[in-house]
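Before any comments, here is the structure.
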């Protein structure tokens, strides 16, 4: 690749990442009517209410293999994914008609709704602010962030849950979309964001919800959960190393971090959460399920701010790494990056 072509490749690969992060920092999320993730969620919510069986079918679905519902979940997932990937592909390739600089800036604007650091940071800050007012207010605000039962959490456990959510979503909402953008352009970021949204709404091992609204997802959501596991595998581990930085995990390097990460049921979310716990010297966990860095201390009021600052620094480092990865993938030739 010549110098001129390499410069154009760098422009197309690096500038959109910087523009997207600047837009996120300056303006936050676009209006709901214009937000692609909101529209993804609407589709998934509507078809999911039909896809997953409700309480009336409890006796027929629990403890049984349900191949037809697994297949239906895969088909409906694909029917939702294909239009978003196709639209992203068309938009990215349509930008070739613009000047390189303008095309790169517009591409960054299209990438921005597929990542969300500012919103995540602000929601975690809001939990600490509510907790400073009262434990009940802290629990209520935390319920916006997590799906676990918050009614019996004490103040330290509320902070643990908020910091865990920050770490997990650092990957899901920030680094993983950037990783897939670097590897496969806007279609890659769109596919990942759709898959992660589907996992958040469908990827449960059993019942979710209460009363008549409860749905059984063990088979209906299995495809969504497995696809998200696959797409998140490498970004989750990159997120962990960005958060851990140069700190040394107990037991030494990768083995220590990996041992902590594997304490969680998820194959991926434990990695950034364990890295956050180790880097800040905190004990994090979900009561009755797992505990990370058990020898650490319980988080105090100042630790939420420390976690946010750690996430900010990891994001800056990650942006550089993802920009270099994007440049490498763009320079290698054709594929989803070609215009």
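The values are calculated or read from the model by the stated rules, or taken from the named source; none is laboratory data. None of the values given here were measured: they were computed from a predicted structure. All Cβ positions, glycine included, derive from the backbone under ideal geometry; neighbour counts span all protein chains shown.
Across the stretch 23-57, what is the total count of residues that are surrounded by 13 or more Cβ atoms within 10 Å (Cβ to Cβ), touching a residue at least 60 places away in the same chain (Cβ under 8 Å), assigned to a helix (DSSP H, G or I) and over 18 Å from the mean Cα position of the chain (by Cα)?
4
Have a look at 189, 200, 195, 225 and point out the one that is farther than 30 Å from residue 57 by Cα and part of a helix (DSSP H, G or I). Reasoning before the result, please.
On the way: 200 fails: farther than 30 Å from residue 57 by Cα; 195 fails: farther than 30 Å from residue 57 by Cα; 225 fails: farther than 30 Å from residue 57 by Cα.
Unique residue meeting the criteria: 189.
Conditions first: (1) under 26 Å from residue 320 (Cα atoms); (2) surrounded by 21 or more Cβ atoms within 10 Å (Cβ to Cβ); (3) at pLDDT below 95. Residue 204 passes all but one, so which condition is the exception?
Against the list (1) under 26 Å from residue 320 (Cα atoms); (2) surrounded by 21 or more Cβ atoms within 10 Å (Cβ to Cβ); (3) at pLDDT below 95, residue 204 comes up short only on (1).
Quick one: how many residues across the stretch 59-74 are loosely packed, with under 12 Cβ neighbours inside 10 Å and either more than 15 Å from residue 215 (Cβ to Cβ) or in contact with a helix residue (DSSP H, G or I) (Cβ under 8 Å, 6 or more places away or on another chain) (or both)?
6
From (1) at pLDDT below 95; (2) loosely packed, with under 15 Cβ neighbours inside 10 Å; (3) under 25 Å from the mean Cα position of the chain (by Cα), pick out the condition that doesn't hold for residue 14.
Going through the list (1) at pLDDT below 95; (2) loosely packed, with under 15 Cβ neighbours inside 10 Å; (3) under 25 Å from the mean Cα position of the chain (by Cα), residue 14 breaks only (2).
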